[in-house]
1. For residues that are open to solvent by 40 Å² or more (accessible area, probe 1.4 Å), over 15 Å from C:P176 (Cα atoms) and in a helix (DSSP H, G or I), scanning just region A:113-135, find the one that is nearest to the other protein chains (Cβ to nearest Cβ).
2. Across region C:135-183, what is the number of residues that are more than 7 Å from chain A (Cβ to nearest Cβ) and open to solvent by 40 Å² or more (accessible area, probe 1.4 Å)?
3. Within region A:154-201, can you find the residues that are modelled with pLDDT of 70 or more, surrounded by fewer than 15 Cβ atoms within 10 Å (Cβ to Cβ) and of a type in the set (F, W, Y)?
4. Do we have any residue at all in region C:11-33 that's more than 24 Å from C:T111 (Cβ to Cβ), in contact (Cβ under 8 Å) with a residue 60 or more places away in the chain and within 13 Å of another protein chain (Cβ to nearest Cβ)?
5. Kindly check whether there is at least one residue in region A:61-84 that is under 23 Å from A:L216 (Cβ atoms), open to solvent by 20 Å² or more (accessible area, probe 1.4 Å) and acidic (D, E).
6. Kindly check whether there is at least one residue in region C:42-61 that is farther than 20 Å from C:L118 by Cα and of a type outside the set (S, T, N, Q).
7. Considering every residue within region C:43-63, establish whether at least one is open to solvent by 20 Å² or more (accessible area, probe 1.4 Å) and aromatic (F, W, Y).
8. Please go through region C:11-42 and give me each residue that is modelled with pLDDT under 90 and either among the small types (G, A, S) or not in a helix (DSSP H, G or I) (or both), ordered by number.
Amino acid sequence: MSKKLKGHTFLGWLTFAMIIFALYMALVHAPVERVMGVVQKIFYFHVASAWNAFFAFFVVFVASIIFLKTRNRKWDIIAKVSAEIGVVFTTIVLVSGPIWARSAWNRWWVWEPRLTTTLILWFIYLAYILIRSASIEEDKKGVLAAAFGIIGFLDVPVVFFAIRWWGSLYHPEVVKGSGGGLHPAMFQALIACVVAFTFLYFYFLQKGIFIELSRLRIEKIKEELRAEN
Amino acid sequence: MLALLTPPSAGEVIIAGQSASAKPLNYRKKIGVISHNTFLYNNLSAYENLLFYGRMYDVPNLKKRINEVISEVGLKYSLNDPVRNFSRGMQQRLSIARAIIHEPEILFLDEPYTGLDQAAVKILNNVLLKLKNNERTILMVTHNFEQALNMSDRLVILVGGRIVHETPGSFLTLESLKDLYLNLVEER
Amino acid sequence: MGYLSKILNLVWKDLVIEFRAKEILSVMLIFAILVPIILAFSLNSAQETTENIFPGIIWVALTFSGILGFNRTFLNEKQNDSLLGLMLTPVDRTAIYFAKVIVNFTMMIFTEAVTLPLLFILFDFRFRGSILTLVLVIFLGTLGFTSVSTFLSALSANTRASEILLPIILFPIIIPVIIAAVQSTGIVLVGASIGEIASWIKLLGVYDVIFMAVPFILFEYILEV
């Protein structure tokens with residue numbers, strides 16, 4: 001137990017250092033964008049969160065499949081925790097997106113395919129969490145949530161293409177990501193942010209799994225105590 | 001678990017020397033289940049219920065068989081009434097007919113006597129007796145000591161999910177069974 | 001009896017029950033007319049704009065009334081725990097899924113057949129397209145919607161608050177169907193050729209295939225006790 005805890009703490013400090021480094025890279029190292037100004041700095045965290053959200057939901061998808069196959073409780077917990085983290089990162093994307101869009105396109109919200117798909121994604125995994133919190137017996141809950149985790153993830157690419165085709169009818173070429181001519185320092189900052197956020201994800205994941213396992217243990221102890229009395 | 005609704009957490013279910021989980025469809029064909037839930041559709045008539053379940057079990061000569069089982073449970077004159085209008089006892093009787101329509105080799109009974117009126121108890125006993133004479137296996141779960149003792153050839157007491165006692169039924173009297181049970185529960 | 005005739009037997013059972021009770025279908029029909037009326041008032045539709053919003057009105061009405069009906073998909077099976085009885089019978093779980101899809105699909109088609117003509121009259125919409133193409137679009141859209149809804153209603157039927165859970169878990173998932181169905185319906189209604197909606201039809205087709213195949217695999221898990 002104590003050894004495990006050490007690894008946990010180590011990951012925590014490492015993540016902390018990475019975040020500080022990423023902040024330095026994004027805020028100091030990367031130059032200020034000429035047109036958009038300081039607001040453009042949101043971009044680094046926006047993209048990093050988006051990448052992590054997708055990654056988290058991919059983990060939900062894989063863990064759900066493995067859980068249905070093996071019925072190992074561990075995978076159920078991973079899926080659950082990962083979905084929660086994914087929703088947090090998606091929320092960051094959805095908040096930072098409009099702030100950036102306001103200064104870049106002078107509109108809070110644009111029905112742009114990536115942003116809109118992210119919104120739908122957010123709703124899908126909110127639904128996932130709702131299934132998790134519905135009143136069903138614990139064993140069954142895992143199975144139902146896993147089934148939805150699989151369906152939901154498979155739905156994402158279809159949603160994206162549907163929205164893209166739909167959007168092209170109304171918003172021809174409104175959006176071009178700031179890709180293309182990205183300054184090398186900006187690119188470095190972006191990479192640093194993505195890596196740091198990925199570490200953050202794993203830190204959260206481990207913490208979440210730890211909390212879940214503790215919860216299960218407490219319940220087991222309670223059960224034993226009840227049986228004794 | 002024996003009815004293969006839940007996969008066993010460990011081991012496997014072996015019936016008549018064969019693993020049941022390997023071919024669940026074949027296995028399900030051989031079992032019938034009577035529980036305190038009737039599994040009937042309220043908006044269908046008795047006949048339609050039996051017709052539906054009979055078809056699901058691929059019963060040959062279904063119409064003849066329906067007539068047989070329906071007389072066996074004494075519902076001949078309510079054949080075309082919707083189950084919604086049946087009394088609790090009648091529904092239970094129909095549920096018995098439903099469980100035996102495909103002439104199962106093994107019959108599972110889960111607390112079958114709860115909520116049965118006297119007529120239904122008598123009918124259920126007759127059905128069970130008949131199956132027993134036809135050398136079918138009957139497995140009954142009950143908290144009713146008297147019924148357990150009267151009906152069974154072999155008696156197994158489960159406490160906390162484990163077999164704690166096994167004995168031929170005729171070795172015990174009602175009193176000794178009750179004592180035995182209470183002792184076993186207490187020991188844990 | 002084979003797999004197919006068992007499905008038919010299951011469908012027969014559900015349709016007879018529905019025919020007796022008329023609980024679900026009547027509600028679906030009324031709702032499918034009521035929603036467009038609400039929309040007509042809230043959108044202040046003038047004659048010129050009707051053309052743009054009519055396809056949307058159709059599909060909003062159909063989805064809403066569909067959800068209302070699909071909430072009840074597994075209600076019959078809960079009354080006397082007959083779902084358990086079904087699962088004891090020697091039939092593949094997927095047959096239960098397909099039977100429910102067919103039943104729901106039949107009810108949707110029936111609702112559409114009755115309400116769509118009424119909507120055309122109500123909004124005084126001059127139909128200029130080809131009926132066959134419209135039927136194809138509605139068929140594909142309804143199929144995708146039904147197959148996913150049936151699966152998710154089986155999922156939500158396990159919870160106590162199933163009726164409020166279903167819309168929330170269903171709507172995000174069916175967004176591609178809604179988009180594709182509304183767009184292609186809109187194009188068909190003004191009399192465009194099938195070539196112009198080819199990509200939408202393809203999208204609907206892909207969606208239908210994915211969301212028939214995946215529930216097919218997953219349905220067994222959902223029904224576990």
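1. Among those that are open to solvent by 40 Å² or more (accessible area, probe 1.4 Å), over 15 Å from C:P176 (Cα atoms) and in a helix (DSSP H, G or I), it is A:L130.
2. From region C:135-183, those more than 7 Å from chain A (Cβ to nearest Cβ) are C:135-154, C:156-157, C:162-164, C:166-167, C:170-171, C:174, C:177-178, C:181-182; that's our starting set.
Still in the running and open to solvent by 40 Å² or more (accessible area, probe 1.4 Å): C:135-136, C:139, C:163-164, C:171, C:178.
Final tally of qualifying residues: 7.
3. The answer is A:F187, and nothing else.
4. Step one: filter region C:11-33 for residues more than 24 Å from C:T111 (Cβ to Cβ), giving none.
No; the residues of region C:11-33 include none that is more than 24 Å from C:T111 (Cβ to Cβ), in contact (Cβ under 8 Å) with a residue 60 or more places away in the chain and within 13 Å of another protein chain (Cβ to nearest Cβ).
5. yes
6. First pass over region C:42-61, keeping only residues farther than 20 Å from C:L118 by Cα: none.
Among the residues of region C:42-61, not one is farther than 20 Å from C:L118 by Cα and of a type outside the set (S, T, N, Q), which makes the answer no.
7. No; the residues of region C:43-63 include none that is open to solvent by 20 Å² or more (accessible area, probe 1.4 Å) and aromatic (F, W, Y).
8. Within region C:11-42, C:A21, C:K22, C:A40, C:S42 qualify.
The values are calculated or read from the model by the stated rules, or taken from the named source; none is laboratory data. Being a predicted model, the structure only gives us computed values, none of them experimental. Cβ coordinates were reconstructed from backbone atoms using ideal geometry, including for glycine residues, and neighbour counts include every protein chain displayed. The protein model used for the area step is the full one, side chains on, heavy atoms only, and it has no ligands, DNA or RNA in it. Shrake-Rupley method; radii C 1.70, N 1.55, O 1.52, S 1.80 Å.
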